[in-house]
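The values are calculated or read from the model by the stated rules, or taken from the named source; none is laboratory data. These numbers come from a predicted model, not from an experiment. Here the Cβ positions follow ideal geometry from the backbone for every residue, glycine too, while neighbour counts run over all protein chains shown. Surface areas here come from the heavy atoms of the whole protein model, side chains and all, with no ligands, DNA or RNA. Shrake-Rupley method; radii C 1.70, N 1.55, O 1.52, S 1.80 Å.
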Amino acid sequence: MIEPTLNYVLCPGPAASPETPDRAPASAQQHRMAYWEWNATGDAAHPHVIVCVHGLSRQGRDFDTLARVLSQHARVVCPDVVGRGRSDWLADPMGYQIPQYAADMLSMVAQLHQQAPITTLDWVGTSMGGLIGMGITGQPGLPLPVPVRRLVLNDVGPVIQWQALQRIGQYLGQPARFASLQQAAEAMWAISTSFGPHTPAQWLELSRAMVRELPQPAGGGLALHYDPAIAVPFRTLTQEAAAAGEAALWQLYDHITAQTLLLRGAQSDLLSRETALAMQQRGPRARVVEFEGVGHAPTLVAPDQVGAVTDFLLAAEGTVAG
């Protein structure tokens with residue numbers, strides 16, 4: 001079975017001092033962002049690149065199931081957004097916001113293009129990864145090698161329901177230590193049932209990269225993979241600030257020229273049906289696919305979810321409906 005390669009790109013902005021020896025710091029004013037690259041095309045320089053970016057507290061291995069399928073046709077690149085997975089943690093927690101994440105993605109795409117010229121660029125973004133994608137695709141003139149051709153927004157849009165942010169805020173950054181992967185998986189499932197039905201094996205696989213080993217001097221065991229400080233800017237957000245940000249997000253959305261697919265969990269508490277309808281009617285006029293029995297957010301593991309994305313991204317030019 002194909003497996004990804006782990007790569008790094010240096011990005012502007014100082015990293016925190018590493019907690020463990022395997023996180024050797026970058027230079028004083030830089031941090032490393034990790035990304036997983038999948039390629040089963042037989043061409044290491046394949047010109048079609050698909051970037052897949054995860055949600056707020058997740059990491060790049062979330063996309064393993066989807067990437068295995070897409071990698072037969074393209075280079076598939078799944079970053080660990082800074083502060084998550086194998087990436088460095090930031091010295092300043094207030095850097096854990098969309099502008100920094102988008103800048104890091106531009107650095108990564110530039111490195112990929114330098115390694116092998118990109119002629120077709122697509123983007124799949126779950127929740128936060130979709131917001132980063134809107135920032136990348138909704139600002140003409142950014143230094144991309146080519147414009148994003150097709151954009152998949154997974155259960156996210158310009159309007160984010162406040163009650164969903166409150167729900168996420170209840171667990172984000174809370175300290176946790178686990179004795180085993182199974183214990184960690186069970187604890188994560190307790191706050192993730194909105195992801196929809198998963199077999200125990202599927203959920204265990206999704207949980208594997210969600211934890212990191214703690215050093216023995218600290219008592220050992222497992223902790224969540226991300227820097228707890230990603231919650232710092234999240235907790236400064238007020239309902240008034242969130243509402244004020246909607247106008248800016250709609251402006252980004254309305255400037256998107258990429259063909260856009262919007263996925264929605266039919267029971268999502270983050271992306272309302274009203275927002276999804278508005279996204280069908282303005283900007284890139286997204287095509288909407290809903291998944292019954294799923295909330296926020298579809299994990300892109302179930303065959304119907306994988307099929308919706310692959311059908312959209314791999315369709316011949318001119319055959320994708322708006």
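Test L270 against the criterion of being open to solvent by less than 50 Å² (accessible area, probe 1.4 Å), closer than 28 Å to G85 by Cα, at pLDDT 95 or above and touching a Cys at 6+ places or on another chain (Cβ under 9 Å), and give yes or no.
Criteria not met by L270.
From the list R282, R287, R235, which one is touching a helix residue (DSSP H, G or I) at 6+ places or on another chain (Cβ under 9 Å) and modelled with pLDDT under 95?
After ruling out the rest, the residue left standing is R235.
Say we look at segment 26-38 and pick out the residues that are part of a loop (DSSP other than H, G, I, E, B) and over 18 Å from Y96 (Cβ atoms); which of these is modelled with the highest pLDDT?
Only one residue tops the list, namely A28.
Sort out which residues of segment 151-173 are crowded, with 21+ Cβ neighbours inside 10 Å and either part of a strand (DSSP E or B) or free of Cβ contacts under 8 Å to residues at least 40 places away in the same chain (or both), and write them in order of number.
L151, V152, L153, N154
Tell me yes or no: at least one residue of segment 7-25 is modelled with pLDDT under 95, touching a helix residue (DSSP H, G or I) at 6+ places or on another chain (Cβ under 7 Å) and not in a strand (DSSP E or B).
yes
Can you name every residue in segment 70-115 that is assigned to a helix (DSSP H, G or I), open to solvent by 10 Å² or more (accessible area, probe 1.4 Å) and farther than 21 Å from R58 by Cα?
Within segment 70-115, A110, Q111, H113, Q114, Q115 qualify.
Looking at segment 61-72 only, could you name the residues that are touching a Phe, Trp or Tyr at 6+ places or on another chain (Cβ under 7 Å) and within 18 Å of L151 (Cβ to Cβ)?
Selection gives A67 alone.
So, in segment 174-204, exactly how many residues are open to solvent by 60 Å² or more (accessible area, probe 1.4 Å) and either among the hydrophobic types (A, V, I, L, M, F, W, C) or in a helix (DSSP H, G or I) (or both)?
11
Identify all residues within segment 197-236 that are of a type in the set (A, V, I, L, M, F, W, C), over 20 Å from the mean Cα position of the chain (by Cα) and under 24 Å from A15 (Cβ atoms); write none if there are none.
Of everything in segment 197-236, those that are of a type in the set (A, V, I, L, M, F, W, C), over 20 Å from the mean Cα position of the chain (by Cα) and under 24 Å from A15 (Cβ atoms) turn out to be L214, A218, L222, A223.
Residue-wise test of (1) open to solvent by less than 30 Å² (accessible area, probe 1.4 Å); (2) polar (S, T, N, Q); (3) within 26 Å of Q97 (Cα to Cα); (4) touching a residue at least 40 places away in the same chain (Cβ under 8 Å).
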position	(1), (2), (3), (4)
V211	yes, no, yes, no
P233	yes, no, yes, yes
Q239	no, yes, yes, yes
A242	yes, no, yes, yes
Q251	no, yes, yes, yes
L261	yes, no, yes, yes
A286	yes, no, yes, yes
V306	yes, no, no, yes
G318	no, no, no, no
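Would you check which residues across segment 271-299 are more than 19 Å from G138 (Cβ to Cβ) and not in a strand (DSSP E or B) and list them?
S272, R273, E274, L277, E292, G293, V294, G295, H296, A297, P298, T299
Between I136, I132, I50, I118, which is assigned to a loop (DSSP other than H, G, I, E, B), crowded, with 19+ Cβ neighbours inside 10 Å and of a type in the set (A, V, I, L, M)?
Exactly one residue qualifies, and that residue is I118.
Looking at G245, G219, G283, G265, which is the one that is farther than 23 Å from F63 by Cβ and in contact with a His (Cβ under 8 Å, 6 or more places away or on another chain)?
Result: G283 is the single residue among G245, G219, G283, G265 that is farther than 23 Å from F63 by Cβ and in contact with a His (Cβ under 8 Å, 6 or more places away or on another chain).
Going by the conditions given, is S127 under 30 Å from R287 (Cα atoms), among the small types (G, A, S) and free of Cβ contacts under 8 Å to residues at least 24 places away in the same chain?
no
Restrict the check to segment 103-122 and report whether at least one residue is over 29 Å from L204 (Cβ atoms), at pLDDT 95 or above and touching a Ser or Thr at 6+ places or on another chain (Cβ under 9 Å).
Checked segment 103-122: at least one residue is over 29 Å from L204 (Cβ atoms), at pLDDT 95 or above and touching a Ser or Thr at 6+ places or on another chain (Cβ under 9 Å).
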